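Colleague: Below you will find the structure I want to go over with you.
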Amino acid sequence: MNQDYPIDSLTQMETMLDHGRRRVISANITTELRASFNLITRGVIAIAILFLILRVLAWSFGTPSPSGLQIITITTLFVISVCLFAIYKGYKGAATKTHQVAERLDIAQETHNKVATAIELLKSGDESPFAQAAISDGWKTLKDIQQEEPLSNDPELPWTTIARNLLIAIALFITAISLTPKNILPDPNQPNPTPINNIVTTPLDPKLIKNQTDKPSEAESSETPNTGAKPSPIKISPEAKPSPPQTPNKNNPSKSKGKSGNHSPSESRSSKSTSKSSSSGSGGGSKSKPSDKKQKPAKPKKPKKQKPSKDKKDDKKSKNGGSISARGASGASSKSSAQNEWSSKIKAKAEDSEDAPQDEDHDDDAKSENLRSGVQPSLKNRSAKVSRDLSLSKGKGKKQKKSRGRGGPGGGKKSRGTASMIMGVPVPGFVKGRLLPGSTKSTQEEIKPTPKPSKYFTASNLKSASPKENTQEHFRPSTSTAFQAKQYLIKYHAENENKTKDDKASK
Amino acid sequence: MKTKQKTTKPASEAPASDSPVAKEQAELFRSVFNKLQKEIQKVFVGQDDIVENVLSVLLSDGHLLLEGVPGLGKTLLASTLAKTLHLDFSRIQFTPDLMPADILGTMVLEDNKEGGHELRFQEGPVISNFVLADEINRATPKTQSAMLEAMQERQVSVARQTIKLPEPFIVIATQNPVEQDGTYPLPEAQLDRFMIKLQVGYPAEEDYLGILNRTTGTQVSDLEAVSNGEEIIKMRQIVRNIPVSEQVQRYAVRLIMATQPGSPYATEAVNNSVSLGASPRGIQSLILMGKVRALIGGRYAVSCQDLCDVAIPVLRHRIMLGFEGISARISTDDLIREIIESVEKLSD
C-alpha cells in the first residue's frame, strides 16, 4: 500500500474528479433523456389518438381537421420540448460537487467509499493515523480509477412497452392519415361529382324559392326534370323552414363560418352541394349548378348506386345549409343533434294534434316516395324510439302509443313468467318419495298358507272350549211386552209431532 | 459535513505523511484475528462466517447471542473461544428454576476468625471475563433480567453493593428457538444488549465429514490460549480508532431509521409488519461491527458495504414484528435485505 500522498492532494483530487464530474453530468442527462422516452411515447400516442378522433369526426360530420403535416409538426415540437426539458433537468439535477462525484465514483467502482472518505478526511483535517492511512488509500484508489466512469443511475427502461407504444402511435397515425383522401381534405378546385350525384333533392316551394333565391327559374328548371312529375307541395312546419338563423343545428361550425364568410375547403364544398336551396350561399353555390345539370341524365339510376354513408353526409350538408331538401334524404341519418331537436318539435306538435286526420300525410309520403323513385324512410314517423326500459313503473309512466308486449313503458306490467322460465333456477316437477337415503328392495312371493304339523294339535281340528263360546244369544221379548213397547213408541212420536206444530205456530 | 467544513484546512496545509502506526495496528489486529480464527477452527468445523462474527463481537466489545436447534455446536463454539483466551471463564446453565442470586451472587453467613459470624458476598458466575450463558431462554424472565445491568453497565448491584465487572467482559449466550418447548422469549431490553445474534445452521456436507474425523476418532485437538485480556482490550481500542465518514454515518442512520415504522426511510413492508425498530444501541453496534469488518478487509475507514455486510446479524434481533408480520411469516432477514436495497448510499 502506498501511503504517501501530495500536500495539495485535495486540489489534485478535485482536479482528477473533474473528468468524473463531467461524466456524472452527461450520465445524468442521459438518464433523464432515457427516462423521458416513456413520456414521449405516451404523448405521441395521445396526439395520434386525438388526431384520429378529429379525422373520424371530420369524416363523419365534416368538422375541420388538422392536416397530417400539422400533426407531424405538433408531434415533433412535443418530442423536442420534452427532450429539452429532460436535458435541463439532468443538468440541474446532476451532482456536481466534489464529494458527490466521489461518492458516485466509489459506488460505481466498488471502492468501499475510499475516495469520498479521503476527500472528507482531507477537508476535516483529521490527522489520526488511521485517517492519514485512509487518505493515502483514497488517493491511491483515485489515481487508479480516475478515468473510470462514475455511477450513473440508469433506469431500466421498459423497451418492450416503449416499442409497443411507438407501434401503436404509428398505426394510429397511418389510420388517421388514410382517412384523408376520401373525405377530409379534397382539392377545392376540383369539385367532387360523387356526392353531388348522390344528393337527392326534393322540389321546393316555388314561392319560397322566389323569396329566397335570386335565380328561381334556374333552380326550378334544374329540379323539375329529376322528378318527372309535377312537384307536390311538402308540408313543412314553421320550425323546419329554411331560414338560416332558425336552423336547429347550433353546434355546426360550418354554419357560423358560412355567415362570416370564412370557409374552409370542406365547408365551401358543403355549401356547393347545398347551394340549390341556400340563397345565402357563397360563390360556390353558383359553381354547383353546372354540375347538377350535367348529372341530370343519370338520375333515374341514382337510388341504386347511392351509398348510405354518402347520403348521410350529403343530407347533413344540405341541412347545414338550411335547405328544405334535408327532409328528403335525411331519414337514414337522423342521429344528428339537429335532427333530434327537429324531430322532437315535430313530435310535440303531432301529439298536440292527435285527432287530426292523417290521410293527407300518408298521401304526401307516398307522393314524395314516388318522386324519389323508390321507397324512402317515412320521416313523418320520426318519433322517439319505444323505450326498452323494463323497470316496473307501477302505472305512473305515460303509456306510449307503440308500447306493446310485456315490456315497454307505462301501465301495469304483465307477468315476467315464472321462475322456471329463468335459466339456472331449477324448479322440480315432482319430489321423489324416498324416506331414507340408500336403496331399498321389496319382493313379493305368492305363497299359499299351508298348515304345519304339530305334535299337540292342528288348526283345522281346533274347536271351541265350550259350546256357548261361539254362539250369540239375542233378547227375545214376550208378546205382551212387545205390545206395550209398541204403544209407548207410537204415543211418544205423536207427542213430539204436536210439540213441533205448536212451536211453529207460536213463531 | 457542513460543520466540519468550517474547520477545513487549506489544501496546501494538508500534511504529507505516511501512516506506519495505522499500518502496524491494522496488521496486528488482523494477525490476532487470524490467530484466534485458526485456533477455533481446530475444533469448530465449518461455518466460517459464524466464527468471523463471533470474533468481531469479541474485538468490538459486544455480547453475542447464538441461536440454533440442539446439537449444532453453539456451546462448543463458545467454550472453544474461551479456551483460546487467557480469560476467566464461567458457564451458567440456565434452567427454569434458576434464580437471579444464582447468577449475580449472594450474601452468605460465614464464621470469622474471632469466632463470630459475618456476612460475606459470594460472587456469582457472572463476575468473570467470559460468561457462557447456555440456553439462556430456558430461565424465567426474572432471572434473565439479572443479566441486564451486567451486560450494559458492566457492573452488578447486590445487597447495596455495586461490583464492577472485570475487563474485558463478554457474554456469549446460546438459546434454542422460541418455538421449542420449555423456552421463554428473551425480553426486548435484553435482546437489545446483544451486539449481534447469529443463527447457527446445519453444517455443509463437507463439514459433516470434518466433524466425523475430528470427533469420532482418537484424534484430540489441543487448544492453546493464543490471546489474553490485554490484547483484546488493545484490539478494541484499535477498532475504535477507525474513522467513519459522514456519508457512511448517514447511511447507517438511514438503515436504522428504515427499520422503524413510520420513518421516512421505512419501506412499505416495514410499515406494515414491524412493530418495533432498531434503537440507537443498534447503530452503535452497526458502526463498531463495520469497523471490525473494515480492518479485516485491510481498509482504514468504514464503507457502506461494511455496514451492509453486518446489518443482518446486528439488526435481526432488534426488529420486532407486529401481528401482521408474524401472521404473514415475514422473515426479519428478508426485511433487512429489502431495507439494504432500498436505502440510498449517496449522502445527497
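The values are calculated or read from the model by the stated rules, or taken from the named source; none is laboratory data. Note that the coordinates shown come from a computational prediction; the quantities given were computed from them, not determined experimentally. Cβ sites come from the backbone with ideal geometry, for glycine too, and all protein chains shown count toward neighbours.
Colleague: Residue B:80 fails exactly one of the following numbered conditions: (1) buried (at least 19 other Cβ atoms within 10 Å of the Cβ); (2) among the polar types (S, T, N, Q); (3) under 25 Å from residue B:149 (Cβ atoms). What is the number of that condition?
Modeller: It is condition (3) that residue B:80 fails.
Colleague: Then there is this: Looking only at segment A:58-90, filter to residues that are in contact (Cβ under 8 Å) with a residue 12 or more places away in the chain and under 16 Å from residue A:169 (Cα atoms); which one of those is surrounded by the most Cβ atoms within 10 Å (Cβ to Cβ)?
Modeller: In this case the residue turns out to be A:71.
Colleague: Also, I was wondering about something else. For segment B:250-348, please list each of the helices (runs of 4 or more DSSP H) lying entirely inside it that holds at least 2 residues being within 20 Å of the chain's Cα centre (by Cα), outside the structural domain of residue B:195 (by TED's automatic domain parsing) and not polar (S, T, N, Q).
Modeller: B:280-296, B:304-315, B:332-342
Colleague: Are there any pairs with C-beta distances below 7 angstrom linking a residue in segment B:292-305 that is within 8 Å of another protein chain (Cβ to nearest Cβ) to a residue that is among the aromatic types (Phe, Trp, Tyr) and crowded, with 24+ Cβ neighbours inside 10 Å, with the two at least 6 apart or on different chains, and if so which?
Modeller: Pairs that qualify, where the first residue is within 8 Å of another protein chain (Cβ to nearest Cβ) and the partner is among the aromatic types (Phe, Trp, Tyr) and crowded, with 24+ Cβ neighbours inside 10 Å, are B:300/A:130; B:304/B:251.
Colleague: Can you tell me how many residues in segment B:156-176 are over 18 Å from the mean Cα position of the chain (by Cα) and not β-branched (Val, Ile, Thr)?
Modeller: Residues flagged as over 18 Å from the mean Cα position of the chain (by Cα) and not β-branched (Val, Ile, Thr) within segment B:156-176 amount to 5.
Colleague: Farther than 30 Å from residue A:161 by Cβ, in contact with a Pro (Cβ under 9 Å, 6 or more places away or on another chain) and more than 14 Å from every other protein chain (Cβ to nearest Cβ) - does that describe any residue in segment A:3-16?
Modeller: Taking every residue of segment A:3-16 in turn, none turns out to be farther than 30 Å from residue A:161 by Cβ, in contact with a Pro (Cβ under 9 Å, 6 or more places away or on another chain) and more than 14 Å from every other protein chain (Cβ to nearest Cβ).
Colleague: Determine if segment B:21-28 includes at least one residue that is modelled with pLDDT of 90 or more, surrounded by 23 or more Cβ atoms within 10 Å (Cβ to Cβ) and more than 14 Å from chain A (Cβ to nearest Cβ).
Modeller: no
Colleague: Something else now. Report yes if residue B:170 is touching an Asp or Glu at 6+ places or on another chain (Cβ under 9 Å) and buried (at least 22 other Cβ atoms within 10 Å of the Cβ), otherwise no.
Modeller: yes
Colleague: Mind listing whichever residues of segment B:269-286 are crowded, with 24+ Cβ neighbours inside 10 Å and more than 20 Å from residue B:323 (Cα to Cα)?
Modeller: Within segment B:269-286, B:285, B:286 qualify.
Colleague: Enumerate the helices (runs of 4 or more DSSP H) found wholly within segment B:27-121, keeping only those where 3 or more residues are over 29 Å from residue B:157 (Cβ atoms) and within 18 Å of the chain's Cα centre (by Cα).
Modeller: Passing ranges, in order: B:48-59, B:74-83.
Colleague: Here is a further query. Taking residue B:224 as meeting all but one of (1) in contact (Cβ under 8 Å) with a residue 40 or more places away in the chain; (2) surrounded by 13 or more Cβ atoms within 10 Å (Cβ to Cβ), write down the number of the exception.
Modeller: Result: residue B:224 passes all but (2).
Colleague: Would you pick out the residues in segment B:317-348 that are among the basic types (Lys, Arg), at pLDDT 90 or above and surrounded by 20 or more Cβ atoms within 10 Å (Cβ to Cβ)?
Modeller: Of everything in segment B:317-348, just one residue is among the basic types (Lys, Arg), at pLDDT 90 or above and surrounded by 20 or more Cβ atoms within 10 Å (Cβ to Cβ), namely B:318.
Colleague: Filtering segment A:91-109 down to residues that are out of contact with any Ser or Thr (no Cβ under 9 Å at 6 or more places or on another chain) and free of Cβ contacts under 8 Å to residues at least 40 places away in the same chain, which residue is farthest from residue A:38 (Cα to Cα)?
Modeller: If we take residues in segment A:91-109 being out of contact with any Ser or Thr (no Cβ under 9 Å at 6 or more places or on another chain) and free of Cβ contacts under 8 Å to residues at least 40 places away in the same chain, then A:97 is farthest from residue A:38 (Cα to Cα).
Colleague: Let me ask something else about it. Do the conditions hold for residue B:222, that is, is it away from chain A (no Cβ under 14 Å), in a loop (DSSP other than H, G, I, E, B) and not aromatic (Phe, Trp, Tyr)?
Modeller: So residue B:222 fits the description; yes.
Colleague: For residue A:36, all conditions in the list (1) assigned to a helix (DSSP H, G or I); (2) in contact (Cβ under 8 Å) with a residue 60 or more places away in the chain; (3) buried (at least 18 other Cβ atoms within 10 Å of the Cβ); (4) more than 11 Å from chain B (Cβ to nearest Cβ) hold save one; what is the number of the exception?
Modeller: Against the list (1) assigned to a helix (DSSP H, G or I); (2) in contact (Cβ under 8 Å) with a residue 60 or more places away in the chain; (3) buried (at least 18 other Cβ atoms within 10 Å of the Cβ); (4) more than 11 Å from chain B (Cβ to nearest Cβ), residue A:36 comes up short only on (2).
Colleague: Suppose we filter segment A:91-105 for residues that are facing another protein chain (nearest Cβ under 8 Å) and either surrounded by fewer than 19 Cβ atoms within 10 Å (Cβ to Cβ) or within 16 Å of residue B:248 (Cα to Cα) (or both); how many remain?
Modeller: Number satisfying all stated conditions: 5.
Colleague: Further question: Hey, could you check segment B:239-268 for residues that are buried (at least 18 other Cβ atoms within 10 Å of the Cβ) and small (Gly, Ala, Ser) and say which is farthest from the other protein chains (Cβ to nearest Cβ)?
Modeller: B:266
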